[in-house]
Amino acid sequence: MDDNALARQFTAASLLRFALPNIVMMVFLSLYTIVDGIFISRYVGTLALSAVNMSYPLDCLEMAVGIMLATGGSAVIAREMGEGDSRTARQNLTCITVVCLGCGIAFAVLGNLFLDPILRLLGTSPAQFALCREYTRILMVFAPAFFLQTAFQVFFVTAGRPGLGLGMTMAGGMANILLDWLFMGPLGWGIRGAAVATVIGYCVPTAGGIVFFLWNRKGSLCFTAFRPDWNMLWSACGNGASEMVSNIASAVTTFLFNLIFLRY
């Protein structure tokens with residue numbers, strides 16, 4: 001019998017205990033993004049910090065697509081687990097993960113091919129351009145890892161392992177923070193060091209998620225052979241549309257802020 005961690009009676013206290021790791025995870029993600037900015041401004045300078053911020057709408061767009069697939073897909077998968085159809089849930093988990101990987105590859109290829117016009121479209125000034133380009137190019141190369149870490153953070157909760165998701169996020173965040181200091185401080189890599197530290201932070205929860213879902217054969221969710229289910233993917237996109245819109249709103253807000261800020 002499958003070990004479905006969601007198939008139990010929840011009380012207010014047990015629900016809070018179940019949700020708390022996810023809450024802490026979101027707070028931690030915000031904190032280490034702030035620490036990123038502190039290291040960049042301290043070791044590279046305020047111009048580098050403003051250059052990094054110019055590409056932030058592109059990050060929000062990636063997050064919008066990834067979170068749409070992850071949250072919408074997790075709702076579909078959780079419903080199938082509740083119906084006792086673990087086989088379909090596993091197939092759909094694998095399908096959505098492969099789609100996230102494909103989206104990440106598309107962003108990596110197209111983002112690097114059209115990076116210069118994208119940065120100009122985002123309003124990057126000549127003074128910021130070289131720094132922004134160097135930083136963003138590295139992040140674009142590792143877009144597949146960004147998409148997968150976004151998906152796995154949600155799927156850990158669906159699999160009933162929010163604590164594991166928190167641990168992976170904290171490990172990635174600590175790696176990012178420590179490597180920020182190492183690469184930009186003692187090694188003097190500048191803005192390139194910030195980008196490399198960030199993508200290594202992506203890779204830690206990505207690698208953990210791949211290992212977990214490959215080997216979690218006794219649990220209710222793991223990778224398995226699948227066939228593409230276009231109706232399921234359409235339903236997942238519909239379920240996750242609100243989260244996508246929220247992240248697109250953040251991208252537009254940051255873009256407009258950057259344009260206004262540069263005028264001053």
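Where q = 0.14, 0.21 Å⁻¹, what log10 of I(q)/I(0) comes from the Debye formula for segment 221-264, counting one point per Cα?
For segment 221-264, the Cα-only Debye profile gives -0.57, -0.78.
Given springs between every Cα pair under 10 Å in a Gaussian network model of the chain, which of 226, 142, 129 has the largest fluctuation?
Taking springs between Cα atoms under 10 Å, the residue moving most is 226.
Please check: in the Gaussian network model of the chain (C-alpha springs, under 10 Å), which one of 186, 57, 117 has the largest mean-square fluctuation.
The residue that fluctuates most here is 186.
Accessible area of the chain with a 1.4 Å probe: how many percent of it is carbon plus sulfur?
On the way: 8970 of 12980 Å².
C and S fraction of accessible area: 69 percent.
Which translational diffusion coefficient, to the nearest whole µm²/s, is obtained for segment 38-79 from the Stokes-Einstein equation, given a Kirkwood hydrodynamic radius over C-alpha pairs, 37 °C and 0.692 mPa s?
For the chosen part, D equals 265 µm²/s.
Relative contact order for the chain: what is it in percent, counting Cα pairs under 8 Å that are at least 6 residues apart?
With pairs under 8 Å counted, the relative contact order is 35 percent.
I need the calculated FRET efficiency for the pair residue 98 and residue 217, taking r as the beta carbon distance and R₀ as 22 Å, to the nearest 0.05.
0.70
Give, in nm to one decimal, the length gained when the segment between residue 47 and residue 231 is fully stretched (0.36 nm per residue of separation minus the Cα-Cα distance).
61.6 nm
Any idea what % of Cα-Cα pairs in the chain are farther than 31 Å?
Across the chain, Cα pairs with separations above 31 Å total 28 percent.
Assuming R0 = 25 Å, what is the FRET efficiency of residue 121 and residue 35, from their Cβ-Cβ distance, to the nearest 0.05?
Numbers: r = 29 Å, r/R0 = 1.16.
It comes out at approximately 0.30.
Of all alpha-carbon pairs in segment 130-212, indicate the percentage at a distance above 23 angstrom.
Cα-Cα pairs in segment 130-212 separated by more than 23 Å: 25 percent.
Taking N as the number of residues in segment 43-168, what is its alpha-carbon radius of gyration divided by 2.2 N^0.38 Å?
So the Cα radius of gyration is 1.27 times the expected 2.2 N^0.38 Å.
Using a probe radius of 1.4 Å on heavy atoms only, what accessible surface per residue do you get for segment 66-221? Whole Å² is fine.
38 Å²
Which is the longest stretch in the chain that no exposed loop site breaks, taking sites as trypsin sites (Lys or Arg not before Pro) with a DSSP loop state and at most 16 other Cβ atoms within 10 Å? Write out the running numbers ahead of the final one.
Numbers: sites that count: 8, 217, 218.
No qualifying site falls inside 9-216, the longest such stretch.
The values are calculated or read from the model by the stated rules, or taken from the named source; none is laboratory data. Not measured: the values here are computed from a predicted model. When we count neighbours, we look across all protein chains shown, and the Cβ atoms used for this are built from the backbone with ideal geometry, even at glycine. For accessibility, only protein heavy atoms count, side chains too; no ligands or nucleic acids. Shrake-Rupley method; radii C 1.70, N 1.55, O 1.52, S 1.80 Å.
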